[in-house]
Amino acid sequence: MTVGFVLSTKKLFLLSMHKILIANRGEIALRIMRSAREMGIKTVAVYSEADRNALHVRYADEAVFIGEAASSKSYLVADKIIDACRQTGAEGIHPGYGFLSENAAFATQVREAGLILIGPSPEAMEIMGNKLSAKAAALKYNIPMVPGTEEAITDIDEAKRRAVEVGFPILIKAAAGGGGKGMRIVDAVEDFEEQMQLAVSEAVSAFGDGSVFIERYVSSPRHIEIQVLGDSHGNIVHLFERDCSVQRRHQKVVEEAPSSVLTPEIRRAMGKCAVDVARSVNYTSAGTVEFIMDEQLNFYFLEMNTRLQVEHPVSELITGIDLVKEQIRIAMGEAISFKQEDLEIKGHAIELRVYAEDPANNFLPDIGTLQTYVTPKGPGVRVDDGFEQGMEIPIYYDPMIAKLITYGKDRKEAIERMIRAIDEYQITGITTTLAFGKFVMQHEAFSSGNFDTHFVQKYFTPEVLQNDNDDEALIAALVMNKLLSVKKTVVADIPLNEGSNWTKNRKDY
């Protein structure tokens, strides 16, 4: 049992959590359960029809079936999640990332049900869930912003006038957006009207909200984010930065900590800004403040993600902090267990998202059975996954199979270990992004640190992977030919005992 205290205006309340429910699946569910188990807290898994035999279901102390395979009928149904808590006696819910993790309405339901959400308040989620209200909150602390509009624009003529003021190229962005949806780059004024209509239409389709705003387009940006933690005692700290600039379709593929381009002065400035953004909404739990950085290393506030990020392991490795344990303690009213001055960057960590996707076919998702699945091991290698050999990759959810994370004393060693780990990772039956990850690690732009969010567009083509495969096949053929030649020589030189079983049954190679 783990206990904590929380202060109210009148008295001191004791909160305890003997059991928590993880409202998620796959690798993140397992990752949360492992930290909870170390804390002596029992765990409850929820699962859909597609996940009956999933590893997180087997690992948990209890498991509750919540519906059909489609997430809209299982993992996204708040009432089923809360009912599962009532059935099992779970006092808290950890939403992981994705699904209901940034849903303010769900957070409110959890609160009203008398349960503890291991995450921020619904009020913070609501403000930071909309890019315009997030910008308004950040402006209270004079956080640097990309030049553009600070409010939603629906009138096309007015929007065009403002775009001319900002200067082309500009970026039209959905206020409620994410993942590149409702986003359009406009290079010239004559293209503005068409692109504006497309952005609004896509925003309505994806988010049910057609609000868009305009920003100057930063042509060669780095995507830098700062990990923050806040508690109910007013303490907010940052755990340094992550560089998430290697992306496909505006979604991250490779992340690392720390960034290879930040100076100590810029790191301190960005850290302070991130803490101030969190303070603007009295933030509690783990969150991430995202910035865009131009070629002159000027940084601008982008958005805040009010949840645990996919890439949180790299921050854990360079700081030695278990973010999930901190989230659980904070949810029970405890203060953060360390202070800002206690933290320092130790070593370097890199994460590769291993997707069931075909990089040679525009990263199209793949499905199938993991005929071979052997994870890499050894010094500085961490694999967060939710699969094993023989399991199927379902079509209903995100195609990420695992997160491959390496750690080294410096960036060079972390890259070397990542290349070694990719070579050791054996997956057959589906196509994955492992070969693409190796291409990134070995590319001069990445190894030198001289890259931006356009890395894939600038350097990657399907032919690159084909060339690598051809080279590997040629090397394998040459090695095999050499081995066969050696074996023939050895066999020919051995004096044979004609009466032996080996001689009678041997075959010339």
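The values are calculated or read from the model by the stated rules, or taken from the named source; none is laboratory data. Please read all numbers here as calculations on a predicted model, not as lab measurements. Cβ placement follows ideal geometry from the backbone for every residue including glycine, while neighbour counts extend to all protein chains displayed. Note: areas computed on protein heavy atoms with side chains; ligands, DNA, RNA excluded. Shrake-Rupley method; radii C 1.70, N 1.55, O 1.52, S 1.80 Å.
With bins 5 Å wide starting at 0, give me the P(r) of the range 34-140 over every alpha carbon pair, in whole percents.
Values per bin, smallest distances first: 2, 11, 20, 22, 18, 12, 6, 5, 2, 0.
Just going by the charge dipole of the range 271-325, with Lys and Arg at +1 and Asp and Glu at -1 on Cβ, which of Ala278, Tyr300, Val310 is farthest out on the positive end?
Ala278
Considering the options Pro144, Ala113, Thr154, tell which one lies farthest towards the positive end of the dipole of the range 63-157, charges being +1 on Lys and Arg and -1 on Asp and Glu at the Cβ, about the Cα centre.
Ala113
Where in the range 299-340 does the amide nitrogen come within less than 14 Å of the point 7 Å from the Cα of Arg34, taken along Cα to Cβ?
Answer for this model: 312-314, 316-317, 322-325.
Once fully extended, how much extra length lies between Gln466 and Glu190, figured as 0.36 nm per residue of separation less the alpha-carbon to alpha-carbon distance?
Between Gln466 and Glu190, full extension yields an extra 95.4 nm.
Keeping all protein chains in place, calculate the accessible area per residue for the range 33-185 (probe 1.4 angstrom), answer in Å².
Per residue, the range 33-185 has an accessible area of 43 Å².
Between Asp294 and Thr154, take the C-beta separation as r, use R0 = 35 Å, and let me know the FRET efficiency to the nearest 0.05.
0.75
Report, in debye and to the nearest 20, how large the dipole of the chain comes out about its Cα centre when Lys and Arg carry +1 and Asp and Glu carry -1 on their Cβ.
For this selection, approximately 1540 debye.
For the range 218-331, take every pair of Cα atoms, bin their distances at 10 Å starting from 0, and report each bin as a whole percent.
P(r) for the range 218-331, in whole percents per bin: 14, 50, 31, 5, 0.
Quick one: of Lys173/Lys403; Lys252/Lys438; Lys272/Lys339; Lys135/Lys173; Lys19/Lys325; Lys42/Lys377, which pairs are farther than 20 Å apart, Cα to Cα?
With Cα atoms farther than 20 Å apart: Lys173/Lys403; Lys42/Lys377.
Say each of Asn53 and Met145 gets a label point 7 Å from the Cα, pointing the same way as Cα to Cβ; how far apart are those two points in nm?
Each label point lies 7 Å from its Cα, and together they span 5.3 nm.
Starting from the eigenvalues of the Cα gyration tensor, five times each then square-rooted, give me the equivalent ellipsoid semi-axes of the range 334-451, largest first, whole Å.
For the range 334-451, the semi-axes come out at 28, 19, 14 Å.
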